Structures are given as structure tokens and as C-alpha cells.
Amino acid sequence: MERNRRRMRATGRVLAGFRVVTMGGNIPAPAAAARLVELGARVVKIESPARDPMAAIAPDLYREVNRGQKIVALSLKVKADRARVDALLAKSDLLLTASRPASLRRLGLDWKRLHARFPRLCHVALVGHSAPRQNRPGHDMTYLAETGLIEPPNLPLSLWPDLATVERLVSAALELLFARERTGKPGWREIAIENTAKFLTLPLRFGLTARGGLLGGGSPRYNLYRAKDGWIALAALEPHFWSRLKSELRLKKGSKRELQAAFRKRRAADWARWANSRDLPLAALPSRQD
């Protein structure tokens, strides 16, 4: 523990001196591991000999979310490779997995057996669904669908639950490591992407972003408007922003119709520069949204 403290003081990074092993593919677990690298941890990622599917699907994205990690190809079903994995776990502080519990049990990586063999190792287990449905398959879009965050026929523009879960994984890792440093006892946390998706529904559940709600198109202050050549996003919710906008545009009432007529007169990029010079929360949407 004192060694870790010295390294932390030397680097200014809270996880300096900590070792992490990750076995998760795709996006959430690797991206969380990359965040742990940013915090100073030394991370070894174990991939199967077939590699992480993301390496073939989106190689640039794969490199981004796996940045800073040492990647080794090992098969947990091969005796010699499993011995290398166990050797890594024996000198590590944290294991991050992204497999269903049934798979972890088959591989001998469930918490009961891990803790018995590696008494200082903490474990953060990423799953799709929360207990007792952890073995049910799913992906980002199915969690969004189940929580009502998709409006057909449009597909989501990002993997919202996956990426939001990254910070939950990092928080769980920090919690476990901090508790172990204070008490000497390691711990285990199971993080479900489904729960992240449910959390993302918070403003929708209270009507704020529901269709016609204050942030769902019901207010002229917080809305999308067509410009001369594209779209702009206006978010002048606070009274001082709204008052300044009305004054600058010389609006009488500030209705949607008034705003739309005004914004049609200039290009989206011109409006963005105009707003920036007046300290107003307005942005131009990328051209792909036109």
C-alpha cells in the first residue's frame, strides 16, 4: 500500500501502482479499462486467439477504446494459457470481466472461486441485465428498446447505455480499490447495462423530455430550428439568456413562429458565431443532420 502511495504522489494519478486485468471485449469494458489507464493503472487485456470482434468491425474505434492497454491473446481453455492468466491475476489488484455469470462459472472465474484463489483481487463484473436475469442476452439497442428510449424507425446515433456504463464501471473499480486499501478486504460488484439504460430514462419518466414536455419540444427556448442551410439547437432556458436572445433578435413574444422566421435568414454556422459573440447557448448541428 505504501508503494502505491509513493507512486501516486510521484505521478499525480490516483491508480498509479495498481494492476488491472480485463477480459471484456466490444466497447464498455475496454473503454472503462482505458479510463483506468488514464488514472494511472497498468492494464493487461486478455483476448481470445480469435481477438475482440471490434477489431474487425471498427478497427479505429477498437484502437481508441483499447488505448494504453497491453493486449495478450490467451485461451482460458488451454492449460498453459490458463496458467499465464492465473499468474497475472495473482499479482493484480482488479479483474474486469464482461461475460455472463454462467460463462464465468464454467471458466472458474466466479467470485467465490476467484476470492479463494486470489484473496487480494477485486472483481468488477459487467453484465447486460440485472439479477436474476444476468444470463439473458442483450445489446445496447435492446436495453434502449426495453426502456422506451428508441423512436422507430430511427436507430440511436450512439451507444448510449454502453458508454454511460463505462463511468459506472470506473466508479465501481475505484470504490472497491479504495475500500480494500482502507480495510484490507477486496470486494465484488456486478454492473448491469440495463440499469444504466433505466437511469437514462430519468428525465423522460418525469415528463421533462417527453414529446411536448419542456425539453421535448414544448418550449420555444429549448428547441431545434431550421436555418438557411441546416439546423440549429437553441437552449436559452435561463431567464437571462432568454431575455438577451429576445432583445438581440427584437422579438415581440418569443414564439416558435417568430424564432423560426428569424433563424431562416442566416446560415447555421453564422448563427453559431453570432451566438458565441453574445454569450448565448446556441449551436449549429453538423451538416449530416441537414
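What to note about this one:
- From the list L155, L202, L159, L214, the one residue that fits, being touching a helix residue (DSSP H, G or I) at 6+ places or on another chain (Cβ under 8 Å), farther than 28 Å from L89 by Cβ and surrounded by fewer than 17 Cβ atoms within 10 Å (Cβ to Cβ), is L155.
- Complete set of residues in segment 259-287 that are of a type in the set (K, R) and either assigned by TED's automatic domain parsing to the domain that holds N154 or surrounded by 15 or more Cβ atoms within 10 Å (Cβ to Cβ) (or both): R266
- Here Y62 meets the list (1) buried (at least 18 other Cβ atoms within 10 Å of the Cβ); (2) under 18 Å from L109 (Cβ atoms); (3) hydroxyl-bearing (S, T, Y) almost entirely, failing just condition (2).
- Meets criteria (under 16 Å from V20 (Cα atoms), of a type in the set (A, V, I, L, M) and modelled with pLDDT of 95 or more) for L163: no
- Taken together, the criteria place K112 among residues that are within 22 Å of A192 (Cα to Cα), outside any strand (DSSP E or B) and modelled with pLDDT of 95 or more.
- Residues of segment 143-176 that are in contact (Cβ under 8 Å) with a residue 60 or more places away in the chain and either more than 20 Å from the chain's Cα centre (by Cα) or outside the structural domain of L15 (by TED's automatic domain parsing) (or both): none at all.
- The set of residues from segment 243-258 being surrounded by 13 or more Cβ atoms within 10 Å (Cβ to Cβ) and farther than 13 Å from R278 by Cβ comprises L251, G254, K256, E258.
- Within this structure, I191 passes the test of being assigned by TED's automatic domain parsing to the domain that holds E146, outside any loop (DSSP other than H, G, I, E, B) and aliphatic (A, V, I, L, M).
- Filter result for A197 (in a helix (DSSP H, G or I) and either without any contact (Cβ under 8 Å) to a residue 24 or more places away in the chain or in contact with a Lys or Arg (Cβ under 9 Å, 6 or more places away or on another chain) (or both)): no
The values are calculated or read from the model by the stated rules, or taken from the named source; none is laboratory data. This one's a predicted model, so the numbers in the text were calculated from it and none came from an experiment. Virtual Cβ from ideal backbone geometry, glycine too; neighbours counted across all protein chains shown.
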